[in-house]
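Written below as structure tokens is the structure these notes are about.
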Amino acid sequence: MKVRIFTILVSIIAATTGFAQCEHCAAQVQMEGSDSNSDVTLAAYFEIQRALANDDFKASSTVAVALHEKTSKMTCPIEDEACCDTLKSSTLTMSEASDIKGIRDAFKNLSNALIARLETQGSSASPVYKMHCPMTSGGTWLQDNPDLRNPYYGAVMIKCGMQQAVIGKQ
């Protein structure tokens with residue numbers, strides 16, 4: 001029991017640290033062969049969000065693997081290394097997940113990193129919707145449309161949550 005509590009505490013601290021490191025992330029990332037890195041990352045992120053909302057492990061896993069291949073090639077300025085590391089580690093964890101719960105858990109960290117980046121840099125995508133589900137700790141995510149589709153609970157609570165903000169062009 002003590003080991004389990006310790007493990008949970010360490011996980012929470014690691015997740016919080018990853019988010020805190022990305023709070024001011026400007027993440028001027030460059031991916032090989034891509035001029036619009038944020039757009040590529042966001043497009044894949046939105047695919048994963050939709051797949052998770054549809055409880056589709058296979059689709060979310062496939063896109064997570066492709067996104068990890070992209071993020072693993074990122075180079076970042078030294079001041080944004082922590083944020084880039086969060087993006088890379090989140091996509092790696094998602095790509096290696098053996099079930100949808102594993103992808104959903106890592107999706108939280110990826111969401112927090114991308115939200116921090118978009119709130120700092122804005123978005124060339126128009127618009128991006130920041131959503132939040134109060135039923136899950138750290139349950140904030142992005143969508144490319146205002147129709148609430150909860151990736152953390154899927155069909156069980158597909159409409160649980162609310163729009164918190166709109167980022168980018170409207």
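The values are calculated or read from the model by the stated rules, or taken from the named source; none is laboratory data. Only a predicted model underlies this, so the values are computations on that prediction, with no experimental measurement involved. Cβ atoms come from the backbone with ideal geometry, glycine included; neighbour counts cover every protein chain shown.
Results, tabulated for the structure shown:
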item	result
Only listed residue being modelled with pLDDT of 75 or more, surrounded by 15 or more Cβ atoms within 10 Å (Cβ to Cβ) and closer than 16 Å to Trp141 by Cα, chosen from Phe46, Phe57	Phe46
Within the stretch 52-67, tally of residues that are closer than 16 Å to Pro151 by Cβ, out of contact with any Leu (no Cβ under 7 Å at 6 or more places or on another chain) and assigned to a helix (DSSP H, G or I)	10
Near pairs, Cβ below 7 angstrom, 6+ apart or cross-chain, from the stretch 72-98 (in contact (Cβ under 8 Å) with a residue 40 or more places away in the chain) to any residue that is of a type outside the set (S, T, N, Q) and surrounded by fewer than 17 Cβ atoms within 10 Å (Cβ to Cβ)	Lys73/Glu32; Asp80/Ala26
In the stretch 68-78, residue modelled with the highest pLDDT [restricted to those that are crowded, with 19+ Cβ neighbours inside 10 Å and in a helix (DSSP H, G or I)]	His68
Test set (1) more than 15 Å from Phe107 (Cα to Cα); (2) modelled with pLDDT of 50 or more; (3) not in a helix (DSSP H, G or I) - His24 fails condition number	(2)
When residues of the stretch 79-96 are limited to those that are surrounded by 18 or more Cβ atoms within 10 Å (Cβ to Cβ) and over 13 Å from Asn109 (Cβ atoms), the one modelled with the lowest pLDDT	Asp80
Single unsatisfied condition, Leu142 versus (1) farther than 26 Å from Lys58 by Cα; (2) in contact with a Lys or Arg (Cβ under 7 Å, 6 or more places away or on another chain)	(1)
Residue within the stretch 151-164 that is within 13 Å of the chain's Cα centre (by Cα), outside any strand (DSSP E or B), at pLDDT 95 or above and crowded, with 21+ Cβ neighbours inside 10 Å present	yes
Boolean, Leu142 is of a type in the set (A, V, I, L, M), in contact with a Leu (Cβ under 8 Å, 6 or more places away or on another chain) and either closer than 15 Å to Gln49 by Cα or crowded, with 20+ Cβ neighbours inside 10 Å (or both)	yes
Flag for Ser137 being assigned to a loop (DSSP other than H, G, I, E, B), out of contact with any Pro (no Cβ under 8 Å at 6 or more places or on another chain) and in contact (Cβ under 8 Å) with a residue 40 or more places away in the chain	no
In the stretch 116-129, residue surrounded by the most Cβ atoms within 10 Å (Cβ to Cβ) [restricted to those that are touching a residue at least 40 places away in the same chain (Cβ under 8 Å) and not in a loop (DSSP other than H, G, I, E, B)]	Arg117
Condition broken by Lys101, with the remaining ones in (1) charged (D, E, K, R); (2) outside any helix (DSSP H, G or I); (3) within 22 Å of Met157 (Cβ to Cβ) satisfied	(2)
Hits in the stretch 61-100 - residues which are more than 12 Å from the chain's Cα centre (by Cα) and of a type in the set (Gly, Ala, Ser)	Ser61, Ala66, Ser72, Ala82, Ser95, Ala97, Ser98
